[in-house]
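To start, the structure under review is shown below, and the notes come after it.
The values are calculated or read from the model by the stated rules, or taken from the named source; none is laboratory data. Remember, it's a predicted structure, so these values are computed and weren't measured experimentally. Virtual Cβ from ideal backbone geometry, glycine too; neighbours counted across all protein chains shown.
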Amino acid sequence: MLGLYFIISVILAILSFLNRNKALQMILLSLFLVVQAGITAYGYTHLHSEALGYFTYDATGIIFLSVLSLLSLSTVYHSYMYLKHTLADNRKQSIYYAALIGLIASMSGAYLASHLGVMWICIETTTLCVSVLIYHERTHLALEAAWKYVFICSIGIALAFVGIIFLSAAIRENGSVNLSFASIPKHLVKVNVLWLKLAFLFMLVGFSTKMGLFPMHPICVDAHTVAPPPISAFISTTLMNVGFVAIFRTYSLLAATPVHPWMNQILLWCGLLSVFVSAIYLLKVQHLKRMSAYSSLEHMGLSAIGLACGGLGYFAAIFHLVLHSFTKASIFYQVDQIHRTYNSYLVSETGNYFQRNLPGAIVILFAFTGITAIPPSGLFITEFWLMKSMYSSAHLFMLILTVIFLSFAMYGLGKNIFSLLFSRPEKVVPATGLKIPFIESVPQYFLLALVIYLGINPPVQFTNLISEAVKFLP
Amino acid sequence: MTEVLLITFSITLLYIGIVNRLLTFTRILAFQGILLFGISFIELREINTVNLVFILLETIIFKTVAVPLFLNYIIRRNKITRESDPFLPHFVSIMIITCIILASFLIFSHLADDTNFRKIFFIVALATLFTGLYIILTRKKIITHVMGYMIFENGVFILSVAIVSKMPMLVNAGILLDIFASRIGNTFEEMSVENLQNLKD
């Protein structure tokens, strides 16, 4: 089934690359979305079964695959709107959609991979597809961001490869050469901790280029700023989840070894510094997309902290990422409408959004409460759990720091968003009378409602999947 | 014999620290390719022929011929000035690279040398990785960044040779990395980091 999925994706990507007809393009995309939904449903009903020898439909993979499938639906919808309004020519559109299909398929592969090498290859493919999408607008800035993204991600991915080599050196001490996730932990007993530490460090830094954690965050921020808004929405959520899944799997592999406390320390500091950096930048940032990108950095930092604190933190980290994905995606989709209204991403050149676009303004208001974890947002619950896990793992000092940084971030976000919604600046372009139809905001309302619903009343199937994903962690 | 080649390899790292002309830089990359060919030829004779041919093709054709020629072509086509423009003086560079090599010695110093684990491979590989990163960090031109990345790549190659005899799949993945790197070369038009500083807060 998974093999069929990959084959169909490749065929559809090639067809939409060659095709120049818009109606046919839509048919190809719908076909792909159906296949994507199909593989998700198939995966959920065949939990724990293997596919192709290198993939498993496990709980972690299925959770994030479902998020991916849902968001790919809304991303295709908003991409259609975006391309229609920017008047992209047919050739650019074909490249855009082909790369999008390739990206979704390779991310699905990365989520489901049950072999370290295969996961690595899938992650490498995502970089290639994303760089094409970042370069979509063909401007000087787009070239700069795409170049930086490709170059630093290649270094990151090479560092991760070095980490894999160190890990394989470790398992070789016990005579194993099998790099599948099921087999590695069995061969890590009594190996030299130096290998494990080196492996974790290299893989953490390497996969951080995808997750956007502290030392490697600038390229993610740049990429999210320059990419077309629907793509920013997509890579700021699902692609960062790919990085998280990679780090989470690495962490799970080494969780039973003596380096576990050491890993927690590293992750804790990475997370805390991410939250710190994002808080500082959120205070001064003026560009709406950069603002959202820094807010993603903050949430990635929080989930890294959750992972480091353990216990309830594991559960909360995954839950948090799922909810963050939906909230952040709706913000980025809305930013596209803001740009269409004001022809600018700068906060100083926008204002009085309530009068210009009422449905959009309501989305932004709800998304603000969502992203800053004000109830009824589901993120409130997960952030509460994260803090609880910090408290119960005796990281009181870190907890206080995190709360202070979070309030800075909240102030920074609030300042910009309320200025966008209510202020009356002089520099704003005059209203053209062109209203953005309500129908364009519907997916955003749906995603935000989902965040509230999942926070208040999470379905049992969903919580079971998360518990399943973290059950082997100490 | 492998030891001699590996030590020669680390000497080229020191030389890279003081190289000023880009052309010499590409020649060193080509020379490193030949050294890697020697190392993999001696080390990998036991594994099957297809893999062997694959790896040898990649060291000689790719690393020794194609990449240096391609880099030279770019330098000529874009009329890049011949100097490598480091941020730091050469003396500092050579000191730092020496420190990198020493540090890699220290990291692995307390591990015992045996047939399964040959220390020298890991030391040279780690030193190469960090020298590559150092070159990327301290040179102004984008073309030198690509060269730094190629050095970094060579480090990854040595590492995979060190444990390959039972893991050909990993080496093939490493080759994928190379193809990926060659793609990078096609992307750029701008030639200095100064042109790449528009994206900031």
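The table that follows gives values for the structure above.
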read-out	value
Hits in region A:213-256 (condition: within 16 Å of A:M107 (Cα to Cα) and of a type outside the set (A, V, I, L, M))	A:S232, A:F234, A:S236, A:T237, A:T238, A:N241, A:G243, A:F244, A:F248, A:R249
Residue in region A:188-210 that is surrounded by fewer than 22 Cβ atoms within 10 Å (Cβ to Cβ) and under 17 Å from the mean Cα position of the chain (by Cα) present	yes
Number of positions in region A:173-222 that are over 27 Å from B:L106 (Cα atoms), within 11 Å of chain B (Cβ to nearest Cβ) and in a helix (DSSP H, G or I)	4
Among residues of region A:11-46, those that are aliphatic (A, V, I, L, M) and over 23 Å from the mean Cα position of the chain (by Cα), counted	11
Residues of region A:136-163 classified as facing chain B (nearest Cβ under 10 Å), crowded, with 22+ Cβ neighbours inside 10 Å and under 21 Å from A:R91 (Cα atoms), total	1
Pick from region A:165-183, criterion in contact with a helix residue (DSSP H, G or I) (Cβ under 7 Å, 6 or more places away or on another chain) and within 11 Å of A:Y54 (Cα to Cα), ranking: surrounded by the most Cβ atoms within 10 Å (Cβ to Cβ)	A:L179
Given (1) crowded, with 19+ Cβ neighbours inside 10 Å; (2) of a type in the set (A, V, I, L, M, F, W, C); (3) within 21 Å of B:N20 (Cα to Cα); (4) more than 10 Å from every other protein chain (Cβ to nearest Cβ), number of the condition B:M95 does not satisfy	(1)
Selection status of A:L196, modelled with pLDDT of 85 or more and over 30 Å from A:Y333 (Cβ atoms)	yes
Selection count, region B:84-106, where residues are more than 20 Å from B:T12 (Cα to Cα) and at pLDDT below 85	1
Test: residue in region B:25-39 that is over 17 Å from the mean Cα position of the chain (by Cα) and either of a type outside the set (K, R) or under 30 Å from A:V193 (Cβ atoms) (or both)	no
Residue count, region A:395-436 (criterion: over 30 Å from A:I266 (Cβ atoms), under 28 Å from the mean Cα position of the chain (by Cα) and not in a helix (DSSP H, G or I))	1
Pair list, Cβ < 6 Å and 6+ apart or interchain, from region B:139-161 residues that are more than 8 Å from every other protein chain (Cβ to nearest Cβ) and of a type in the set (D, E, K, R) to residues that are surrounded by fewer than 22 Cβ atoms within 10 Å (Cβ to Cβ) and assigned to a helix (DSSP H, G or I)	B:K140/B:V193
Residue count, region A:115-126 (criterion: of a type in the set (V, I, T), within 11 Å of chain B (Cβ to nearest Cβ) and in contact (Cβ under 8 Å) with a residue 40 or more places away in the chain)	1
Residue match in region A:371-384 (condition: of a type in the set (F, W, Y), under 22 Å from A:F405 (Cα atoms), buried (at least 21 other Cβ atoms within 10 Å of the Cβ) and touching a residue at least 12 places away in the same chain (Cβ under 8 Å))	no
Odd one out for B:T115, checked against (1) assigned to a helix (DSSP H, G or I); (2) away from every other protein chain (no Cβ under 11 Å); (3) at pLDDT below 65	(1)
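Matching residues to (1) free of Cβ contacts under 8 Å to residues at least 40 places away in the same chain; (2) polar (S, T, N, Q); (3) within 26 Å of A:Y251 (Cα to Cα):
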{"site": "A:C129", "(1), (2), (3)": "yes, no, no"}
{"site": "A:Y149", "(1), (2), (3)": "no, no, yes"}
{"site": "A:I152", "(1), (2), (3)": "no, no, yes"}
{"site": "A:L159", "(1), (2), (3)": "no, no, yes"}
{"site": "A:S180", "(1), (2), (3)": "no, yes, yes"}
{"site": "A:F200", "(1), (2), (3)": "no, no, yes"}
{"site": "A:G212", "(1), (2), (3)": "no, no, yes"}
{"site": "A:A227", "(1), (2), (3)": "no, no, no"}
{"site": "A:A233", "(1), (2), (3)": "no, no, no"}
